[in-house]
Structure formats: C-alpha cells, structure tokens
Amino acid sequence: MNYKNQNYSYNLKGRTAIITGGSSGIGFAIARILGFYGCNLSIVGREPKKLNLSKKKLKSLNIKIILNNCDLTLPESAPKVIESTIQEYKKIDILINNVGGLPSSGSFLDLTDEDWIQSFQLNLMSNIRITKAAIPYLQKSKAPRIINISSFVAKQPGNFNPHYSVFKAGILNLTKHLSNILAIDKILVNSISPGNIVTENWNDYITKKSEVERIARIQIEKQENKRVTEPTPLKRMGKPIEIASLVAFLSSDQAAFITGENFNIDGGRVKTI
Ligand SMILES: NC(=O)c1ccc[n+]([C@@H]2O[C@H](COP(=O)([O-])OP(=O)(O)OC[C@H]3O[C@@H](n4cnc5c(N)ncnc54)[C@H](OP(=O)(O)O)[C@@H]3O)[C@@H](O)[C@H]2O)c1
C-alpha cells in the first residue's frame, strides 16, 4: 500500500448536512464542527430565537446555513425540511438525527399513555420520518451518512423515564436495520450514545430545580453533578464537542468502512462490553 498521498484531515467541503435540533446543545456543536470542515448546513428547531442566534454565530464563521423552523413530532415537518434543503443546496449528503429528549419524566407507574406517545413521537418518529424522506437524496450522494444520536440509557436503563430509554434503544435497532438495507447504496448508518453532557438544557434544569426547591443554585449544581458523575468512571460530565468530534469523523471519508455501529461517549458509564 502506498501511504505517501494519504490525507489525514477531514474534507467535507461542499457536502450538505441536515442537523435536526441544530440550534442548541449537542446539535449546535455538531453544526459548528461540520461547518468548520466545509459542510453547508440545514438545521431544524422550533424556537425562532434560538435558530436565529445559531445562524448568526455560524454565519460569523463563514458557514453556509439555512434554517427550518418546525416541530419534527408533526408528520408534515420532515418533507418540508427535505424540500427546503434540496431547494437551497440541490443535494443531501449527511443526515444527523439529533432531536430527542424528555417531554415528561417519571417512573413506570407514573407515566401516562400520553407521556409514552409524546416520547415516541419525539425520540423515534422524528427520526424515522425525516430519514425516510432523505433516503432518495442520500442514494444519489457520493459519501452518504446517517448518524443517529441515542443515549447511554439505551443500553443501561435507570429506574426512571423508561419512555425515554425504550425509544433510545429503538434507535440502536433502527440504526442496525438501516445499515443492512442501505449498504447497497453505500449509505453508512451509525449511532452515538452520549453519557451526561453539559448543555444549555442541563443548566436550565439546574436553575429550575433550584427555584422549585428554593435551594441555592450552586448547591443544586454540586448535588446533581455528584449524582451523575459518581457512576461515571471518568468522574465528570461530557462536553458537546466530544460528541461532535466523532460525528465529524464518521462523516468523513476516513470512516468509509464503518456502518451499523453504536459508539458510547460516556466516560465509561455503560458497563457492558
Ligand atoms: N445532554 C445530554 O446529557 C444527553 C445525553 C444523552 C443523550 N442525549 C441526546 O442528545 C440529543 C441532543 O440533546 P441536547 O441535550 O443537546 O438537547 P437540547 O440542548 O435540548 O437541544 C435539543 C435541540 O432539538 C431541538 N428540538 C427539540 N425538540 C424539537 C422538535 N420537536 N422539533 C424540532 N426541533 C426540536 C431544540 O430546539 P427547540 O427547543 O427550539 O425546538 C434544540 O435545538 C437528544 O437526542 C438527547 O436525547 C443528550
């Protein structure tokens, strides 16, 4: 093998990437790094203020970006995102399914049918609908990728929020299924399972908890940090860039032999091998 002309940097110049939930947290870090490596972006979120702020930040870095202001739990949203992306960039190379979260929380006995249905729409259907709509365009791409953001609880569910961990586990199964059926089109499908990551969402959660419990924010922060870092061998929370960096690698040509895989980025939290 001739190693002389090997290129070790990621060149994603001119590739089109859709990032669902790209306006904050992990999604924004993904948008930033894919933009840095040359992708043209199409990001999705509900709040116009958050979207516009992200656009401003990314544009100041000379990154090309369009916004899709919609709710991906609604069936009509996914085709609209694909349509506007194609209208602007004429192609789709990378789909990052990052939208997800906890619309409600509780134990198995507390959760209502409505809680389960909402979480199903947010954590699974938001992914399924846009993936289905993107596939005909990904089939035409020279380096197509689908990267799904799951969670460490997919493999190691806790005692709360089974309506979240069950659907995050579904994402891993879906990733494997799609990697098998889309290999014929060279569409690579992988997933990432983050551990506890410090995002705006986490900071809001701390603020809210301190208000509700009328305990100083700094105390709540310390207590909550201890709760999530104690079972984590590396004894800290993760950073959005630590997830985004793997997304950039998986999107690159260097990752062309990886498909159907799930990657834990969780400081060692998941204990299985
Ligand atoms: N942070 C963690 O510790 C952690 C751990 C494991 C897994 N994860 C997973 O990582 C992903 C990102 O989490 P994050 O903490 O970065 O979340 P986040 O900070 O809450 O960001 C979520 C993003 O998705 C958008 N969004 C939420 N619901 C949407 C909807 N129905 N339609 C369209 N856009 C929507 C949000 O914008 P709008 O609110 O404006 O819509 C925002 O841009 C999620 O799938 C989450 O389950 C996170």
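Helix-only estimate, please: 222 nm mean residue ellipticity of the chain, summing -39500 (n - 2.57) across DSSP H runs of length 4 or more and dividing by its residues, to the nearest 500.
Working: 9 runs with 118 residues, N = 273.
The helix-only estimate for the chain comes to -13500 deg cm²/dmol at 222 nm.
Could you tell me which of Pro231, Ile206, Ile220 has its Cα farthest along the dipole of segment 198-237 towards the positive end, charges placed at Cβ (Lys, Arg +1; Asp, Glu -1), taken about the Cα centre?
Pro231
Need the list of aspartates and glutamates near Lys132 for cross-linking: C-alpha distance under 15 angstrom, and skip anything on the same chain fewer than eight residues off.
Glu76, Glu83, Asp93, Asp185
Only loop residues by DSSP count here, and only those with at most 14 other Cβ atoms within 10 Å; note down the GluC sites (Glu not before Pro) in segment 70-135 that meet that. Show your work: numbers first, answer last.
On the way: sites: Glu76, Glu83, Glu88, Glu114; in loops: Glu76.
Counting only loop positions with at most 14 other Cβ atoms within 10 Å, the GluC sites (Glu not before Pro) in segment 70-135 are Glu76.
Assuming 0.36 nm per residue, please report the length gained on full extension of the stretch Glu83 to Lys186 beyond their Cα-Cα distance.
Numbers: separation 103, 0.36 × 103 = 37.08 nm, distance 2.27 nm.
Extending this stretch completely gives an extra 34.8 nm.
Compute the acute angle (0 to 90°) between the alpha-carbon long axis of helix 126-138 and the principal axis of greatest extent of the alpha-carbon atoms of the chain; round to the nearest 10°.
In the chain, helix 126-138 runs at an angle near 10 degrees to the longest axis.
Relative contact order for the chain: what is it in percent, counting Cα pairs under 8 Å that are at least 6 residues apart?
Relative contact order of the chain: 20 percent.
Take the chain, connect every pair of alpha-carbon atoms lying under 10 Å apart with a spring to form a Gaussian network, then pick out the residue of Asn262, Asn52, Asn196 with the largest mean-square fluctuation.
Looking only at Asn262, Asn52, Asn196, the biggest GNM fluctuation is shown by Asn52.
Compute the acute angle (0 to 90°) between the alpha-carbon long axis of helix 25-36 and the principal axis of greatest extent of the alpha-carbon atoms of the chain; round to the nearest 10°.
20
Which net charge results for the neighbourhood of Ala169, defined as the other residues with beta-carbon distances under 12 angstrom from its beta-carbon, given Lys and Arg at +1 and Asp and Glu at -1? Numbers along the way, then the final one.
Values: positive: Lys155, Lys168, Lys176; negative: none.
Around Ala169, the charge tally is +3.
What is the spread of the Cα atoms of the chain along each of their three principal axes, largest first, in whole Å?
Computed over the chain, the largest-to-smallest principal extents equal 58, 43, 38 Å.
May I ask which of Lys50/Lys209; Lys80/Lys209; Lys59/Lys140; Lys13/Lys55 have a Cα-Cα span longer than 30 Å here? Please report the intermediate quantities before stating the final value.
Working: Lys50/Lys209 22 Å; Lys80/Lys209 37 Å; Lys59/Lys140 28 Å; Lys13/Lys55 19 Å.
Distance filter (> 30 Å) returns Lys80/Lys209.
Highest mean first, how do 246-259, 148-161 rank when packing is the count of other Cβ atoms within 10 Å averaged over residues?
On the way: 246-259: 17.6, 148-161: 19.5.
Result, highest mean Cβ count within 10 Å first: 148-161, 246-259.
Suppose we keep just the DSSP beta bridges with both residues in the chain; what percent of those would be antiparallel, to 5? Mind showing how you got there, number by number?
Working: 0 of 27 bridges.
Percentage antiparallel, nearest 5: 0.
For helix 200-213, report the angle its Cα long axis makes with the longest principal axis of the Cα atoms of the chain; keep it between 0 and 90° and round to the nearest 10°.
Long axis of 200-213 versus the principal axis of the chain: about 10 degrees.
So, with +1 on the Cβ of K and R and -1 on the Cβ of D and E, and no other charges, what is the size of the charge dipole of segment 198-237 about its Cα centre, to the nearest 20 debye? It would help to have the intermediate numbers written out before the result.
Details: 9 positive and 7 negative charges, 37 e Å.
Around 180 debye, computed over segment 198-237.
Values quoted throughout were computed directly from the atomic coordinates according to the rules given, and no laboratory measurement underlies them. The structure presented is a predicted model; accordingly, all values stated were derived computationally and were not measured. Every residue, glycine as well, gets a Cβ built from its backbone with ideal geometry; the counts of neighbours run over all protein chains shown.
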